[in-house]
Amino acid sequence: DNTHRLEVLPQQLNFLRSEKREILYSGAFGAGKSRAICLRVAMRASIKGAREGLCRKTFVSLKRSTLKTLLEPDGLLPPVLPKGSYEYRKIDGEIMIHGGGSIMLFGLEDAARIASMNLSGVGVDEAVELNERDWTMLRGRIRLSLPDLPNQLYGACNPSTPHHFLAKRFGLAGGHQCAQNCEAIVTTSRDNWFLPEDYIADLETMTGVA
């Protein structure tokens, strides 16, 4: 039995279940955004033949944050990918899932490398760092067709100001409708019951974009 059980938050579950082509997990500090991205990329990459991308604006920031959530424990939370279930080829920037597909790790600073990719889907952590051209380029890379895996681009972020292109594209800015075949899953820090109460109390003193 290769089943790996992980506890997820209600809005993370809604994010994992979405069948739209583009999905945004939108939330404030501590809302479990990076973990949601890692859960989705791991689930999709476990399907044989899948080739999922996992990225941030820079490869350095991906390794320092998102990759740790994917492969290492986070406090009392276990890693999203259990040890022994994969082979991490650091030179190639690729994680091979035993009995499944693979996860390609990259930053968006190397446009030439990305332009040659043929992916089944892409997960983007801290998607607010991207500009609209980055997002459009990723949309163009998702074309690897598999019978049981719809092509999807899924990001997580706090969409910053209402002027950010993601806020407009996903209907989070006033006066803007969500684009066709897109969905935003909105969550708050309070939705994450793993957070300490004093941390939540401190967050609730913040104002403005924060």
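The values are calculated or read from the model by the stated rules, or taken from the named source; none is laboratory data. In this text the structure is predicted, and so the values were computed from the model without any measurement. We work out accessible area using only protein heavy atoms, side chains counted, and drop any ligands, DNA or RNA first. Shrake-Rupley method; radii C 1.70, N 1.55, O 1.52, S 1.80 Å.
Worth pointing out:
- Near the amide H of Val186, within less than 5 Å, lie the amide hydrogens of Ser26, all on another chain or at least 5 residues away, with H placed in the peptide plane.
- Accessible area (Å², 1.4 Å probe, nearest 10) - His98: 110
- Per-residue surface analysis assigns Phe170 an accessible area of about 10 Å², computed on protein heavy atoms at 1.4 Å probe radius.
- Whole-percent carbon and sulfur share, accessible surface of segment 55-178, 1.4 Å: 52
- Percent of Cα pairs exceeding the 12 Å cut-off, where the set is segment 93-137: 69
- With contacts taken as Cα pairs under 8 Å at a separation of at least 6 residues, segment 1-128 carries a relative contact order of 32 percent.
- Only lysines eight or more places from Lys63 in sequence, or on another chain, were considered; those with a Cα closer than 20 Å are Lys33, Lys83, Lys90.
- Taking amide hydrogens as placed 1.01 Å from N in the peptide plane, the amide H of Ser46 sits under 5 Å from those of Gly101, each at least 5 positions away in sequence or on another chain.
- Accessible surface computed residue by residue for segment 32-90, with neighbouring protein chains in place and a 1.4 Å probe, gives 48 Å² per residue.
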